[in-house]
1. Across the chain, where is the longest run that never hits GluC sites (Glu not before Pro) in a DSSP loop with at most 12 other C-beta atoms within 10 Å?
2. P(r) tail for the chain, what percent of Cα pairs lie past 27 Å?
3. As an exercise, take the mean of 1/r over every pair of distinct alpha carbons in segment 8-62, invert it, and state the Kirkwood radius in angstroms.
4. Out of Ala125, Ala36, Ala55, any idea which swings most in a Gaussian network model of the chain, alpha carbons joined below 10 Å?
5. Would you pull out the residues with amide H under 5 Å of Glu108's amide H, same chain only if 5 or more places away, H placed 1.01 Å from N?
6. Provide the FRET efficiency to the nearest 0.05 for the Leu102-Ser66 pair, computing r from the beta carbons and using R0 = 41 Å.
7. Given Cβ point charges of +1 (Lys, Arg) and -1 (Asp, Glu) and nothing else, what value in debye, to the nearest 20, does the dipole of the chain about its Cα centre take?
8. Looking only at Cβ-Cβ distances, which cysteines of the chain have no other cysteine closer than 4.7 Å?
Amino acid sequence: MTKKRLVLTFPPAVVERPLVSLMVKEYDVLTNILRAEIREGEIGRMLVEMEGSGAGIKKGIGYLESQGVKVEEAIRDIEINLDRCPSCGACTGVCVPGALRLEEPRYELVVNKERCIFCGLCVDACPFQLIKVKF
């Protein structure tokens, strides 16, 4: 089984179509929607984790792209200015999946992007506004 975390960007013309449901059914790809911003008549974005055979995921992505959906790796969607970060730990206190932690002995902020679900809680918690979720 292969897992991929992806950001899907839907053009306004297709946001009302059940493309993800059809992909799941047709290509046997388990899809967990982690976050979505979808509005009628606007560009829609969805963060998903896909799980299935490598070939099934590849075909499913191909199907989405053929329908006009832009598919990108999700890892690019969180941005933390670590150069300016004082490692205060405010973001780590709200990070439920444990993607953000302070590492001893210097207590510097460490980011594990594999664990991040892009919930955005850290964005609101950062008193220095150094975290952005590009979604």
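1. In short, 43-113.
2. Values: 2718 of 9045 pairs.
Taking all Cα-Cα pairs of the chain, the fraction more than 27 Å apart is 30 percent.
3. Values: mean 1/r = 0.0865 Å⁻¹.
Taking every pair of different Cα atoms in segment 8-62, averaging 1/r and inverting gives 11.6 Å.
4. Ala55
5. Result for Glu108 returns Glu103.
6. Numbers: r = 45 Å, r/R0 = 1.09.
Here the calculated transfer efficiency is 0.40.
7. Details: 19 positive and 19 negative charges, 28 e Å.
The dipole magnitude comes to about 140 debye.
8. Flagged as lacking a Cys partner: Cys85, Cys88, Cys95, Cys116, Cys119, Cys126.
Bear in mind these aren't lab numbers, they're just calculated from the coordinates by the rules spelled out. Note that the coordinates shown come from a computational prediction; the quantities given were computed from them, not determined experimentally. For neighbour counting, all protein chains shown are included, and Cβ atoms are generated from backbone atoms with ideal geometry for every residue, glycine included.
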